[in-house]
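Heads up: the structure comes next, in structure tokens.
The values are calculated or read from the model by the stated rules, or taken from the named source; none is laboratory data. As the structure is a prediction and not an experimental result, all values here were calculated from the model. Counting neighbours? That spans all protein chains shown, and the Cβs are built from the backbone with ideal geometry, glycine included.
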Amino acid sequence: MQFTSNELYILLNQPGPRWLVGADLSNADLIAADLEKANLIKANLSGSNLIEANLSMADLRGVNLSKANLTGANLHGANLGGTDLSSADLSGADLTGAFNLDGANLNQAVYTQDTRWPKGYKPNGSGANLIP
């Protein structure tokens, strides 16, 4: 299911957790969107602009976030099992407390020294690249 800009605005401004299972949000402008605790299982967010978005505690299993801009995004406590983060920009993102990150695809994703990873997680060897 794909949303018009008006439908997306209404959806994102309703109170409570968001239920967006299988939603097509590819290339959506979601800057600073509040998606805390959202259920986004198998949603398509490829190419979306999620700068400073709040995805804390979100269920992102099987989500396509390839080529998404997650600069400064909050993914604290998010479930990333099977998430496609290939070629995503994770510069300054907060992934502390995120789980199932080992099952995510980080090939060609980029991150900076400011990116915060779950305790004990080492991005070296994940396919992600540190950029200055």
message = For segment 68-89: of the residues being more than 9 Å from the chain's Cα centre (by Cα) and more than 15 Å from G47 (Cβ to Cβ), which is surrounded by the most Cβ atoms within 10 Å (Cβ to Cβ)?
response = N79
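Considering each of A73, A58, A98 in turn, give the residue that is modelled with pLDDT of 95 or more and under 20 Å from G22 (Cα atoms).
Working: A73 fails: under 20 Å from G22 (Cα atoms); A98 fails: under 20 Å from G22 (Cα atoms).
Criteria check complete, one pass: A58.
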message = Quick check on segment 37-45. Is at least one of its residues within 13 Å of the chain's Cα centre (by Cα), assigned to a loop (DSSP other than H, G, I, E, B) and over 24 Å from A23 (Cβ atoms)?
response = no
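Is it the case that L65 is closer than 16 Å to S26 by Cβ and either in contact with a Phe, Trp or Tyr (Cβ under 8 Å, 6 or more places away or on another chain) or surrounded by 22 or more Cβ atoms within 10 Å (Cβ to Cβ) (or both)?
yes
Within segment 34-46, is there a residue that is among the hydrophobic types (A, V, I, L, M, F, W, C), under 23 Å from L130 (Cα atoms) and modelled with pLDDT of 95 or more? If you could, list the steps in order and put the result at the bottom.
Kept after step one, since they are among the hydrophobic types (A, V, I, L, M, F, W, C), are these residues of segment 34-46: 35, 38, 40-41, 43, 45.
Then drop every residue that is not under 23 Å from L130 (Cα atoms), which leaves 45.
Filter once more, so that each one left must be modelled with pLDDT of 95 or more: 45.
The answer is yes, given that some residue of segment 34-46 is among the hydrophobic types (A, V, I, L, M, F, W, C), under 23 Å from L130 (Cα atoms) and modelled with pLDDT of 95 or more.
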request  = Just give me the residues in segment 51-60 being assigned to a loop (DSSP other than H, G, I, E, B) and either β-branched (V, I, T) or out of contact with any Asp or Glu (no Cβ under 9 Å at 6 or more places or on another chain) (or both), in sequence order.
outcome  = I51, E52, L60
query = Within segment 96-109, is there a residue that is out of contact with any Ser or Thr (no Cβ under 7 Å at 6 or more places or on another chain), part of a helix (DSSP H, G or I) and among the small types (G, A, S)?
reply = yes
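If you go through segment 61-75 one residue at a time, how many are part of a strand (DSSP E or B) and either aromatic (F, W, Y) or under 13 Å from N105 (Cβ atoms) (or both)? Break it down into steps so the answer makes sense when it comes.
First pass over segment 61-75, keeping only residues part of a strand (DSSP E or B): 64, 69, 74.
Still in the list and also either aromatic (F, W, Y) or under 13 Å from N105 (Cβ atoms) (or both): 64.
Residues that pass the stated criteria total 1.
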